[in-house]
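Colleague: Here's a structure for you.
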Amino acid sequence: MSETDTSPQSRLAAPGADVLLTTLEEVERQQPEGCMVLRAVREANGAITDFEWVWANPAAARTLGRTPEGLRGRRLKEVSAEKGLGGRVGVLRQVVETGRPTADNFAEGDAWLQGTAVPLRDGVLVRLRDVTSALRVEEGVRDTLDWVRDVLEGTPDAFMTLDVEWRVTYVNHQAIAISGRPQEKLFRRVLWEACPELQGTLMEREMRRVASEGVASTFEIRTSQARWHEVHAWCSNGNLSVFASDITDKKRAEAERDVLLEREHSGRLEAEALVAERTQELVAARERLVQSEKLAMAGQLAAGVGHEINNPLSYVTGNLQFALEQLEHLAAHPGDGEALREALEALREAREGAERIRVTVRDLQTFARADEPHLTPVDVHAALEFGLSMAMPHLRYRAQVERHYGGVPTVMAHEAKLGQVFLQLLVNAAFAIPEGDAARHRVVLSTRTEGPWVVVEVTDSGHGMTPEVLERAFEPFFTTRAVGEGTGLGLSTALGLVRSMRGELTATSTPGGGSTFRVRLPTTDAAALPASPEAVEDSATRKRVLVVDDEPQLTSVLRRVLGRRHEVVSVHSGREALELLARDDAFDLVFCDLMMGDLTGMDVHDALARCQPELLSRFVFMTGGGFTERARAFLQSVPLPRIEKPFEPGTLRALVEGAPPRAGAVRPPAREAEGE
């Protein structure tokens, strides 16, 4: 290398160069980026073969692993490897020779540097910036993009992106397959022009909504006759991303599930209908069993009731026959006082026997009315006496009956059902006591008040129950009697009846020491019902009475009972009654039989309700019992007075005397009874 002052190298040492280097050193000493000045090293022919350091700031020296002093005067190829700055001699030579700056990246050891070379007089000013991190980030981003692309291309789902002008900026192979078009027909094309079949569809509406509102949306579309996709669309910086997953299997599963659910629903409905049908059958079977229990009880009572009727009937008929004979004797021999006295005594006994028969029949009618639904104030003593009268044929030869009644109020109950409960308990007590030793055994009936409850106890001195039997005493179909002697429904039915009246039924028992059944019923806070008066005060008012009954003997009885004080008119059919009332309604009271041959009392009621409803308030219906469903429903629904056959003369007179006289009625003169 030439050392003469005319060499190119001498140009860098021209006047003012030292000042420039001093200033540069001051400015660049603290800069984080490297800065250095290199002078060209030339051959004798002027060719640049290398560069040597004239100056370097600390940052540049650190980058090269040197000190500023260690670099000064050193040549480029001595300090840096061929792959690093030492391999940039050609680039720097071009900068010096052309006078144009340049920049490029190169590796220097483990670091990547960005070098910018600016020409000086026979040298270059080189700035070095460490871009290792930036290049690594760029490389990472590039790798990430490659990875994302691989993922998007490898996913079984369709994906595409669109810019703000709806141009497709990316589309993977799945989306291409769904569209049925090659990539060049989609990429950088407006979606609605590339795929016109999407216009006006749910997909267009949802994508436009996502773009305008900036919200995400998920929806399902049918992409072909046999394929379904779930689409997720979202917007970011004005660009739209669309991701579509194939849900065909899911939709098929849902369809199959819906079919199964429909079948299950249909099966459930059929099962419910079957359950309802079976339940109805079970309820009907239970009703039949309950009725059979009732019939079984009626069968048990039949012999005793027959005894209760036949005994008084025997002396009723005997006394009547004797009275007739005596009266015939008196007709032939007037004045025979002894015969008259004996005839009257026989008639009195016949009346007592008839009264016993009437009470027995009344009790049987009460037993038959157990299906009426309404709860009313009931005197428990009267219900006990009803049950006792019905059960007495079974008790009479087994035990003595003792009554220990307290002063108790009425209870809210159903008279017939409560009587049926007591009847069942008394019959149960009778079967717990052996026959033939009535003097030693007792059945005790007691009543008392406990707070808001009336307690009724039926205690027997029978064989009692073991704890195991007592625990199951109220179970349906459980019985300790022999086969054919009981259904096992008696006590369970009684328990159901008591609970239907909001009461309780419990039992205690000791083997060999008897049993006690305890009924608790809510009170009505009213006094016990008084007995009905047997007689009514006489009234001087003469009234007009119509009797409607198809039994001539019955109308004759009413005529004899009421005829001395009142005018009695009788007809023997409902049709005659309607014809008579149409032309003459001047009656204070009408006794009408419920069950008649041509027109029933119910038919008469319906006819008058249409044409003469004001007459119905004067009606009293006579019944021997509701033998049809219509009759039972009529008696439950029509709020008119009624009397049970056989009836007492005092009751008939009381009803007539208590009837208010018709105001303003024009009475015709007394005449003979019609229909006689």
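Values in this text are rule-based calculations from the coordinates and carry no lab data. Here the structure is a predicted model, which means the values were calculated and not measured. Note that each Cβ is placed from the backbone with ideal geometry, even for glycine, and that neighbours are counted across all protein chains shown.
Colleague: Among residues other than residue 498 whose Cβ falls under 13 Å from its Cβ, what is the net charge (Lys/Arg +1, Asp/Glu -1)?
Modeller: On the way: positive: 417, 499, 502, 518, 520; negative: 504.
My count for the surroundings of residue 498 gives +4.
Colleague: Roughly how many debye, to the nearest 20, is the charge dipole of the chain about its Cα centre, given +1 on each Lys and Arg Cβ, -1 on each Asp and Glu Cβ, and no other charges?
Modeller: So the magnitude is around 1400 debye.
Colleague: For residue 182, what is the net charge nearby, where nearby means another residue's Cβ is under 14 Å from its Cβ and Lys, Arg count +1, Asp, Glu -1? Could you put the intermediate results ahead of the total?
Modeller: Values: positive: 181, 185, 188, 189; negative: 184.
So the surrounding residues net to +3.
Colleague: What is the helix-to-structure angle for 17-28, meaning the angle in degrees between its Cα long axis and the longest Cα principal axis of the chain, kept from 0 to 90 and rounded to the nearest 10?
Modeller: 10 degrees
Colleague: What number does the stretch 372-522 give for Rg over Rh if you use C-alpha atoms and the Kirkwood radius? Before the final figure, lay out each step's value.
Modeller: On the way: Rg = 14.7 Å, Rh = 15.5 Å.
Rg/Rh: 0.95.
Colleague: To continue, here is another question. Can you spot the aspartates and glutamates whose alpha carbon is less than 17 Å from residue 83's alpha carbon? Ignore those fewer than 8 places along the same chain.
Modeller: By straight Cα distance, residue 83 reaches 50, 104, 108, 110, 130.
Colleague: Setting aside same-chain residues fewer than 8 positions from residue 417, which lysines have a Cα under 20 Å from its Cα?
Modeller: Within reach: 294.
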